[in-house]
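A.B. asks: So that we are looking at the same thing, I have put the structure below in structure tokens.
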Amino acid sequence: MRRQFLVCVIVGFCAAATSLSGQATGAARQKVIDALAAVAGGSCPERLMNTALLDACEQQLEKMQPALNQLGAIKEARYRGKEPLPNGADVEVYRVVFENGQVTWLASLGPNGKLSVLFSKG
């Protein structure tokens with residue numbers, strides 16, 4: 001059975017702030033790692049998440065924390081490129097390798113540099 005992780009709020013405008021140096025590794029890479037580690041530790045980091053994503057995270061934390069803990073520590077997050085969402089916004093795709101498994105995550109940064117999308121189907 002696949003686990004569903006949903007920490008995603010797609011607002012009308014999801015901008016991915018990228019620079020030439022960020023394109024090979026993904027602009028959101030470190031924030032994805034930091035956010036997942038925080039959720040595994042039992043908190044939703046306001047410094048990393050836009051308000052709507054933060055609200056969704058807080059509502060789902062009780063289920064997400066044990067699931068992420070079961071996966072173990074993050075070993076690496078591989079940037080896989082960008083994909084468009086049905087609303088036309090681009091998201092960055094990351095393959096996150098944990099001690100006990102791998103999960104693909106979609107992420108996007110808002111204009112303020114915080115995560116506005118962080119989503120995985122598990």
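The values are calculated or read from the model by the stated rules, or taken from the named source; none is laboratory data. No experiment lies behind these values; they were computed from the predicted model shown. Cβ coordinates were reconstructed from backbone atoms using ideal geometry, including for glycine residues, and neighbour counts include every protein chain displayed.
Rundown of residues vs (1) surrounded by 15 or more Cβ atoms within 10 Å (Cβ to Cβ); (2) at pLDDT 95 or above, yes/no style:
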| residue | (1), (2) |
| --- | --- |
| LEU48 | yes, yes |
| LEU54 | yes, yes |
| CYS57 | yes, yes |
| GLN65 | yes, yes |
| GLN70 | no, yes |
| GLU76 | no, yes |
| ARG80 | no, yes |
| PRO86 | no, no |
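A.B. asks: Checking the structure you have, find out if any residue of region 9-27 is touching a Phe, Trp or Tyr at 6+ places or on another chain (Cβ under 9 Å), closer than 18 Å to LYS121 by Cβ and at pLDDT 95 or above.
C.D. replies: Checked region 9-27: no residue is touching a Phe, Trp or Tyr at 6+ places or on another chain (Cβ under 9 Å), closer than 18 Å to LYS121 by Cβ and at pLDDT 95 or above.
A.B. asks: Could you grab the pairs with beta carbons closer than 8 Å, sequence gap of 6+ or different chains, first residue in region 54-67 and under 17 Å from ALA37 (Cβ atoms), second one of a type in the set (Ser, Thr, Tyr)?
C.D. replies: LEU61/SER43
A.B. asks: How many of the residues making up region 43-53 are in contact (Cβ under 8 Å) with a residue 24 or more places away in the chain, in contact with a Lys or Arg (Cβ under 9 Å, 6 or more places away or on another chain) and over 15 Å from ILE33 (Cβ atoms)?
C.D. replies: Count: 2.
A.B. asks: Same structure again: Considering each residue of region 94-103, count those that are more than 18 Å from ASP34 (Cβ to Cβ) and surrounded by 12 or more Cβ atoms within 10 Å (Cβ to Cβ), and give that number.
C.D. replies: Residues meeting the conditions: 2.
A.B. asks: Quick check: anything in region 49-59 part of a helix (DSSP H, G or I), more than 25 Å from GLU83 (Cα to Cα), out of contact with any helix residue (DSSP H, G or I) (no Cβ under 8 Å at 6 or more places or on another chain) and polar (S, T, N, Q)?
C.D. replies: yes
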